[in-house]
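Heads up, the thing below is written out as structure tokens.
The values are calculated or read from the model by the stated rules, or taken from the named source; none is laboratory data. None of these values were measured; they are calculated from a predicted model. No Cβ is skipped: glycine too gets one built from the backbone with ideal geometry, and neighbour counts run over all protein chains shown. When the accessible area is computed, the model is the full protein with side chains, heavy atoms only, and any ligands, DNA or RNA have been set aside. Shrake-Rupley method; radii C 1.70, N 1.55, O 1.52, S 1.80 Å.
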Amino acid sequence: MNPETPPRLGPGDVLRVGAAGLRSRPMRVFLSALGIAIGIAAMIGVVGISTSSRAQLQATLDRLGTNLLTVGPGRDFFGADAKLPEASVGMVARMPDVESASATGKLDDVSVYRNDHIPKGETGGIAVLAARLDLPRTVGLKTAAGTWLNAGTAKYPAVVLGAETADRLGVAAPNVQVWLGSQWFTVVGILEPNELVPEADSAAFVGWDAAVARLGFDGHPTTIYTRAREDAVEKVRNLLAATADPQAPTEVEVSRPSDALAARNATDRAFTGLLLGLGGVALLVGGVGVANTMVISVLERRAEIGLRRSLGATRGQIRLQFLTESQLLAGLGGVGGVALGIVVTAVFAVTQGWPTVVPVWAMAGGVLATLVIGAVAGLYPAVRAARLAPTEALAAP
């Protein structure tokens with residue numbers, strides 16, 4: 001080897017030299033890395049929670065289906081509430097691409113209370129609905145306790161409570177009585193929550209025949225639930241209004257409950273974008289902290305720099321040393337931030353009952369972002385350190 005040629009530093013030597021500078025100031029390194037970690041953790045947490053939410057939504061749609069359509073009365077020509085024909089449920093059920101159809105009818109002047117001593121105005125927002133027996137099969141309702149209405153109980157004062165209704169009335173189990181329509185009804189079942197048809201959660205269901213005989217129900221359905229074949233949803237949707245009310249199809253409203261869940265998901269994505277922006281700001285602040293730490297490090301270590309230059313270290317080696325130190329500092333914060341973000345996502349997802357999903361691209365992108373920030377933040381201090389003349393650096397106090 002030519003004695004005038006400066007020795008080369010291998011990758012291991014560069015890492016050891018860079019790490020030595022970090023070990024000499026552990027508290028400062030920790031605080032600087034913490035700024036990076038918070039920014040990365042915020043971004044990983046936002047992406048992970050959003051992805052977990054979408055995974056839960058997809059699982060819900062897969063379980064409940066996206067082929068449920070609802071039909072309801074709209075407004076007539078004069079702006080008054082329209083009514084669906086009594087035969088509309090049967091007409092919809094006979095459509096070629098319809099797998100099943102059922103209906104509920106709202107009882108506007110009927111309320112339900114825990115007992116007959118509660119003032120009439122305190123309804124708690126609970127709707128009383130006449131229901132057909134095949135409603136659970138069409139909508140996907142499941143009972144948490146007791147049973148759904150059957151051919152016998154549908155003719156008598158029996159009621160099935162939605163999940164929220166049971167909670168508001170303080171009913172924890174069937175075989176108790178509630179005051180409904182100025183008479184006692186026996187609770188025969190309590191439903192599980194239903195995300196696809198949330199209005200069922202805050203309702204009390206009575207049999208269609210019992211509603212007509214005991215509560216003055218006129219027999220006109222207010223909501224028809226229709227299960228279409230998966231490959232014919234749009235076709236059925238286009239024909240539902242004319243089928244439900246051939247004489248006045250413009251007075252019929254058709255909707256798809258899964259669209260509401262999709263809209264909620266779109267809203268969540270917009271909110272996720274905002275939170276990602278805030279995480280980016282935190283990451284930028286962390287990068288500024290790294291740059292500040294490295295500049296101070298150069299000022300404090302001028303004697304070390306001068307000594308290394310006097311012993312033959314080149315400007316490139318000095319520059320590489322401080323750039324490596326900056327990369328290591330940012331990398332520590334990045335790895336810690338990714339780990340913290342995964343933990344935050346997991347804890348939140350578990351408390352919500354969601355699957356924990358953290359995309360690999362988010363974790364890899366988080367670490368890569370910190371390395372880029374480390375390179376940018378350490379570039380100026382590294383160049384400044386390399387420009388120090390040996391005599392000037394050694395003469396520094």
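Each row is one residue, and each column tells you yes or no for (1) at pLDDT 95 or above; (2) open to solvent by 10 Å² or more (accessible area, probe 1.4 Å); (3) part of a strand (DSSP E or B); (4) not basic (Lys, Arg).
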{"site": "Trp184", "(1), (2), (3), (4)": "yes, yes, yes, yes"}
{"site": "Ala204", "(1), (2), (3), (4)": "yes, no, yes, yes"}
{"site": "Arg227", "(1), (2), (3), (4)": "no, yes, yes, no"}
{"site": "Leu239", "(1), (2), (3), (4)": "no, yes, no, yes"}
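One line per residue, one yes/no per condition, for (1) of a type in the set (D, E, K, R); (2) surrounded by fewer than 16 Cβ atoms within 10 Å (Cβ to Cβ); (3) at pLDDT below 80:
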site: Pro3; (1), (2), (3): no, yes, yes
site: Pro6; (1), (2), (3): no, yes, yes
site: Asp13; (1), (2), (3): yes, yes, yes
site: Gly45; (1), (2), (3): no, no, no
site: Asp62; (1), (2), (3): yes, yes, yes
site: Gly79; (1), (2), (3): no, yes, yes
site: Ala87; (1), (2), (3): no, yes, no
Practice task
Could you tell me which numbered condition Ala172 fails, if it satisfies all but one of (1) open to solvent by less than 50 Å² (accessible area, probe 1.4 Å); (2) among the aliphatic types (A, V, I, L, M); (3) under 30 Å from Asp116 (Cβ atoms); (4) in a loop (DSSP other than H, G, I, E, B)?
Solution key: (1)
Handout entry: Residue count, the stretch 186-200 (criterion: crowded, with 18+ Cβ neighbours inside 10 Å and either at pLDDT 95 or above or hydrophobic (A, V, I, L, M, F, W, C) (or both))
Key = 8
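So that you can scan it fast, the table gives a plain yes or no per residue for (1) polar (S, T, N, Q); (2) free of Cβ contacts under 8 Å to residues at least 60 places away in the same chain; (3) not in a loop (DSSP other than H, G, I, E, B):
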| position | (1), (2), (3) |
| --- | --- |
| Pro96 | no, yes, no |
| Gly105 | no, no, yes |
| Gly125 | no, no, no |
| Leu141 | no, yes, no |
| Leu149 | no, yes, no |
Completion exercise
For the stretch 206-225, the count of residues that are among the aliphatic types (A, V, I, L, M) and either surrounded by fewer than 15 Cβ atoms within 10 Å (Cβ to Cβ) or in a loop (DSSP other than H, G, I, E, B) (or both) equals 2
